[in-house]
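We did not get these values from a lab; they are worked out from the coordinates using the rules stated. Just so it is clear, the structure is predicted and the values come from calculations on it, not from any experiment. Cβ sites come from the backbone with ideal geometry, for glycine too, and all protein chains shown count toward neighbours.
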């Protein structure tokens, strides 16, 4: 059976990152006055970090470890 790397696996492997990003986004945007621009920028940066981390994990998943 061939190993598969799915979105569900990626989310489960990065659940701590997701929780941290949500805490940062919420923490930065709870202080008044509410600013939609700040919310969108922090959410966009969080999404970019998550996608980049998933890509790095996929490379790690599909490349074999070097054994001597």
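Kindly provide the helix-only [θ] at 222 nm of the chain, computed as the sum of -39,500 (n - 2.57) over DSSP H runs of four or more divided by all residues, to the nearest 500 deg cm²/dmol?
Taking each H run of at least 4 residues, the total per residue is -24000 deg cm²/dmol.
Tell me the label-point distance for the pair residue 4, residue 49, using the 7 Å Cα-to-Cβ offset, in nm and rounded to one decimal.
For the pair residue 4/residue 49, the computed spacing is 3.1 nm.
Using Cα atoms only, what is the angle between the long axis of helix 36-62 and the major principal axis of the chain, expressed in degrees (0 to 90) to the nearest 10?
Around 10 degrees separate the two axes.
So between residue 34 and residue 20, what do we pick up on full extension, going 0.36 nm a residue minus the alpha carbon distance?
3.0 nm
Cα axis of helix 15-29 to longest principal axis of the chain: angle in degrees, 0 to 90, nearest 10?
For 15-29 against the chain, the angle is about 10 degrees.
Please report, to two decimal places, log10 I(q)/I(0) for the chain at q = 0.23, 0.26 Å⁻¹ as given by the Debye formula with identical point scatterers on the Cα atoms and no solvent.
Once normalised to I(0) and log-transformed, intensities are -0.98, -1.12.
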